[in-house]
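Visitor: One structure follows; several queries about it will come next.
The values are calculated or read from the model by the stated rules, or taken from the named source; none is laboratory data. All of these numbers come straight from a predicted model, not from anything done at the bench. Don't worry about glycine lacking a Cβ; one is built from the backbone with ideal geometry, like all the others, and counts go over all protein chains shown. We work out accessible area using only protein heavy atoms, side chains counted, and drop any ligands, DNA or RNA first. Shrake-Rupley method; radii C 1.70, N 1.55, O 1.52, S 1.80 Å.
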Amino acid sequence: MHLETFSPPTDAGFPWCDCPQCLYAPLLSTVLWFPERVVVPNRKEYPWYHRSYNRVPTIDQCYTDDPVCFFEANEQWIRDRQVDREIVNILRQRWRDCAFYEGVDAPVKCVELQKISEDAETNFFIKYGDLSAYANVKDCYMKQKHRMLWERRHGPVGTGMKTEQ
Amino acid sequence: MTVLSVLRTAAGPARLAITHNSQQVAKMSDHRAMNIIPSRFQWNKFKDMLHLYFVGAAIPLLAGIGITNMMVGPATLSEIPEGYVPREDEYYKSPITRFLVRNFTRNEQMEYEKKMQYIWETEHKRQLRLIEKRVKKLMAERGDYKAWYYTPHIARKYQRIVRKETEELMERRPAA
């Protein structure tokens, strides 16, 4: 909580919210005086951590009759899916921020970010898309298997099915 | 119910003005007269409930939370040091959450491993039961093992006597 982290609204969409730095800074320092000078120095800093999970064998390394291995692989897959969701979200948000900033120039200036975001979404859909809400890691694995079978019979995805000949 | 006594004495004159200045008066026995005024029940009840929910609940909780945040403050995110296993409550930021996790909630890792143990145990039992079922089925099919479908003949001598007497009875019967 420092004075430098707060910037005044100089070009908000609403003219009555605009405030020049010369008026904003004294107001902010008045408000921040109590927490910065009185409260924070009188309390101790102590840490908190993000939970770190060990990697366990994935579903393709589990025997079919091993439910404990399946359970652990499933939990890991759920965590990985959440991470992938957040990644796609972040990439999408970067593109959207660029588009919001550029406004009318977005289709020209934000092309790289758009491509990155759309590639990420495509890959996410290849891996996790069209599985139901109750999907588990086995469904995802079988989806991959079926896609590889289809590709073996018909060629890469997107080139259409071959008729029997 | 009870209102802060300061407010009550301050509102005394206003209350008298409200209840004694109405136009309608019912003349009752002797010197008494009842002033007929509209009901103030809902307003009084509202004030009572507002007082309860603020003084009884909102203000203590907010004061507690505010004092905790000012005295103790939230934690700072940091890297886990090498070779250190954090306590369960060190995975949370707010001191109140940490208190609850430390004293009231279950350990997440312990519950995970308990679940795995349960899965292993039930799978073990399931496999044993499958084997039992298969063995029983084979014994029924082949009939070569004494365990399940064997009825021992324990009354053989009585069988023999009954059979002999039945034969003699059938011999003595006139041909039907």
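Visitor: Any residue at all in the range B:17-26 that is part of a helix (DSSP H, G or I), more than 11 Å from every other protein chain (Cβ to nearest Cβ) and aliphatic (A, V, I, L, M)?
Guide: From the range B:17-26, those part of a helix (DSSP H, G or I) are B:17-20; that's our starting set.
Applying the additional criterion that residues be more than 11 Å from every other protein chain (Cβ to nearest Cβ) yields B:17-20.
Now narrow it down to the ones that are aliphatic (A, V, I, L, M): B:17-18.
Yes, the range B:17-26 contains at least one residue that is part of a helix (DSSP H, G or I), more than 11 Å from every other protein chain (Cβ to nearest Cβ) and aliphatic (A, V, I, L, M).
Visitor: Moving on to the next point. For the range A:97-118, check the following and say yes or no: at least one residue is of a type in the set (G, A, S) and touching a Leu at 6+ places or on another chain (Cβ under 6 Å).
Guide: Initial filter on the range A:97-118 (of a type in the set (G, A, S)): A:99, A:103, A:106, A:117.
With touching a Leu at 6+ places or on another chain (Cβ under 6 Å) added as a condition, the list becomes A:117.
Checked the range A:97-118: at least one residue is of a type in the set (G, A, S) and touching a Leu at 6+ places or on another chain (Cβ under 6 Å).
Visitor: Evaluate the following for B:R32: is it at pLDDT below 80 and surrounded by 10 or more Cβ atoms within 10 Å (Cβ to Cβ)? Show your work before the answer.
Guide: On the way: at pLDDT below 80: yes; surrounded by 10 or more Cβ atoms within 10 Å (Cβ to Cβ): no.
In short, no.
Visitor: On to the next question. Being over 22 Å from B:T97 (Cβ atoms) and exposed (fewer than 14 other Cβ atoms within 10 Å of the Cβ) is the filter here, so list the residues in the range A:29-41 that pass it. Break it down into steps so the answer makes sense when it comes.
Guide: Start the filter on the range A:29-41 by keeping residues that are over 22 Å from B:T97 (Cβ atoms), which leaves A:29-34, A:36-38, A:41.
If the condition is that a residue be over 22 Å from B:T97 (Cβ atoms) and exposed (fewer than 14 other Cβ atoms within 10 Å of the Cβ), then A:S29, A:T30, A:V31, A:W33, A:F34, A:R37, A:V38, A:P41 are the ones that fit.
Visitor: Okay, next question. Looking only at residues that are among the polar types (S, T, N, Q) and in a loop (DSSP other than H, G, I, E, B) in the range A:115-165, which one is most open to solvent (accessible area, probe 1.4 Å)? Write out each step before concluding.
Guide: Initial filter on the range A:115-165 (among the polar types (S, T, N, Q)): A:117, A:122-123, A:132, A:136, A:144, A:159, A:163, A:165.
Checking the rest, the ones that are also in a loop (DSSP other than H, G, I, E, B) come to A:132, A:136, A:159, A:163, A:165.
On the way: A:S132: 72, A:N136: 43, A:T159: 92, A:T163: 107, A:Q165: 216 Å².
Residue satisfying both the conditions and the ranking: A:Q165.
Visitor: Considering only residues that are part of a helix (DSSP H, G or I) and open to solvent by less than 70 Å² (accessible area, probe 1.4 Å), look in the range B:128-147 and name the one that is nearest to the other protein chains (Cβ to nearest Cβ). Show your work before the answer.
Guide: Initially, the range B:128-147 is screened for residues part of a helix (DSSP H, G or I), giving B:128-142.
Of the ones still in play, those that are also open to solvent by less than 70 Å² (accessible area, probe 1.4 Å) are B:135, B:138-140.
Numbers: B:V135: 19, B:L138: 21, B:M139: 25, B:A140: 26 Å.
Of everything passing the filter in the range B:128-147, B:V135 is nearest to the other protein chains (Cβ to nearest Cβ).
Visitor: Exactly one of these conditions fails for A:E112: (1) in a helix (DSSP H, G or I); (2) within 30 Å of A:E75 (Cβ to Cβ). Give me its number.
Guide: (2)
Visitor: Go through A:Q21, A:Q61, A:Q82 for me and flag whichever is farther than 30 Å from A:M142 by Cβ, away from chain B (no Cβ under 14 Å) and exposed (fewer than 12 other Cβ atoms within 10 Å of the Cβ). Before you say what the answer is, go through the steps one by one.
Guide: Numbers: A:Q61 fails: farther than 30 Å from A:M142 by Cβ; A:Q82 fails: farther than 30 Å from A:M142 by Cβ.
Only one candidate qualifies: A:Q21.
Visitor: While we're here: How many residues are surrounded by 11 or more Cβ atoms within 10 Å (Cβ to Cβ) and under 35 Å from the mean Cα position of the chain (by Cα) when one looks only at the range B:68-82?
Guide: If we filter the range B:68-82 for residues that are surrounded by 11 or more Cβ atoms within 10 Å (Cβ to Cβ), which is where we start, we get B:68-75, B:78, B:80.
Adding the requirement that they be under 35 Å from the mean Cα position of the chain (by Cα) leaves B:68-75.
Residues meeting the conditions: 8.
Visitor: Still on this structure, please answer the following. Where residues in the range B:65-120 are of a type in the set (S, T, Y) and not in a helix (DSSP H, G or I), which of them is farthest from the other protein chains (Cβ to nearest Cβ)? Spell out the reasoning first.
Guide: Restricting attention to the range B:65-120, the residues satisfying the condition of being of a type in the set (S, T, Y) are B:68, B:76, B:78, B:84, B:91-92, B:94, B:97, B:105, B:112, B:118.
Those still in the list that are not in a helix (DSSP H, G or I) too: B:76, B:78, B:84, B:92, B:94, B:105.
Working: B:T76: 6, B:S78: 4, B:Y84: 9, B:Y92: 6, B:S94: 9, B:T105: 14 Å.
In this case the residue turns out to be B:T105.
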